[in-house]
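Here the structure is laid out as structure tokens; the discussion comes afterwards.
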Amino acid sequence: MHEGARAGNRGDTRRAGLPPGQAIRHEHKPLHYGPVPTFRPHRWDFRVMGATETLGTYRWTWDEFAELPRTDTVRDFHCVMRFSVPDVPWYGVRPQDLVDIAPPAPEVTHVMAWGEYGYSANLRLDDFLADGTMLAMGRDHRPLDPEHGFPLRLVVPHLYGWKSVKWLRAVEYMTADRRGFWEERGYHNRADPWQEQRFASDSDA
Ligand SMILES: Nc1nc2c(c(=O)[nH]1)N[C@H]1C(S)=C(S)[C@@H](COP(=O)(O)O)O[C@H]1N2
Ligand SMILES: [Mo]
């Protein structure tokens, strides 16, 4: 979601089954705010924090995270800048499997997904646990490219792409909603592409 995306209309085609206002773009041109972080395996960790059932924080090193059960999925990916990448194959850890290991307190209604450099996106707990959502380690049957989120990103294919936090480092359980990076800057709180929830002014929740 930055300037570059506006230049992307050449070669676009339409396809049935896309959310309104979206056009196909086959190449998955990386889009993000700020620099691509360097992965330092010995410094990297992944945390589940906030309102866990035990109130403790869960932490995985990269080696530990890589041991978690993996699944795969193939999903269309919709950016708010009006392009969609069809049929992207992802593999990684299902949020449900993570939540089974690190249970939230019963009052938890939302999560904040945290990336490197403080990028964040808020999600309803049911959107985080939805079918197809993934803590992805790979795309196109190989590890993520650095600019697409290596070593770990969130993929929330049923919401606009800014919710799919790259370089994911933590998930915070929340007992009330709070807006993330783009949501604080005028983008929609939920971001359902089927309802064209692009901006907060598009009937925000
Ligand atoms: N950490 C981080 N994650 C991010 C972003 C970002 O700026 N920083 N941009 C988001 C936006 S707007 C989109 S459309 C997708 C793009 O993912 P891609 O670069 O793999 O195509 O990443 C999302 N995740
Ligand atoms: Mo985006």
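Read the figures in this text as sums done on the coordinates, not as results from a lab. None of these values were measured; they are calculated from a predicted model. So basically every Cβ, Gly included, is an ideal-geometry build from the backbone, and we count neighbours across all protein chains shown.
Once the C-beta distance of Val36 and Leu129 is scaled by a Förster radius of 35 Å, the resulting FRET efficiency is 0.75 to the nearest 0.05. Of the residues Leu159, Leu123, Leu31, Leu129, the one with the fewest other Cβ atoms within 10 Å heads the list, and the complete ranking is Leu129, Leu31, Leu159, Leu123.
Were the residues from Asp45 through Arg178 laid out at 0.36 nm apart, the gain over their Cα-Cα distance would be 45.5 nm. Take the Cα of Arg59, step 7 Å toward its Cβ, do the same at His141, and the gap between the two points is 3.8 nm.
Entry note, the range 109-158: relative contact order of 30 percent, from Cα contacts under 8 Å with a spacing of 6+ residues. For the peptides 40-46, 175-181, the ranking by mean Cβ contacts within 10 Å, running from highest to lowest, is 175-181, 40-46. Taking the dipole about the Cα centre of the chain, with the C-beta of Lys and Arg at +1 and of Asp and Glu at -1, give me whichever of Leu31, Trp162, Phe181 is farthest to the positive side. Of Leu31, Trp162, Phe181, it is Leu31.
Note on the chain: with charges restricted to the Cβ of Lys and Arg (+1) and Asp and Glu (-1), its dipole about the Cα centre is near 680 debye. Extension gain, Asp100 to Asp72, is 8.3 nm, computed as 0.36 nm per intervening residue step minus the present C-alpha separation. Summary value for the chain: 22 percent relative contact order, contacts being C-alpha pairs under 8 angstrom separated by 6+ residues.
Over the residues of the chain, the helix contribution to mean residue ellipticity at 222 nm works out to -1500 deg cm²/dmol, using -39500 (n - 2.57) for each DSSP H run of at least 4.
Protection proxy ranking, highest mean first, for peptides 186-197, 139-150: 186-197, 139-150, where packing is the per-residue count of other beta-carbon atoms within 10 Å, averaged. Computed with the Debye formula from one identical point scatterer per Cα of the chain, without solvent, the log10 of I(q)/I(0) at q = 0.15, 0.17 Å⁻¹ comes to -0.92, -1.20. Summing +1 for each Lys or Arg and -1 for each Asp or Glu, what net charge is found among the other residues whose Cβ lies under 13 Å from the Cβ of Tyr117? That sum, taken over residues with Cβ under 13 Å, equals +1. Here the peptides 100-109, 165-174 are ranked by packing, the mean other Cβ count within 10 Å, and the order with the highest first is 165-174, 100-109.
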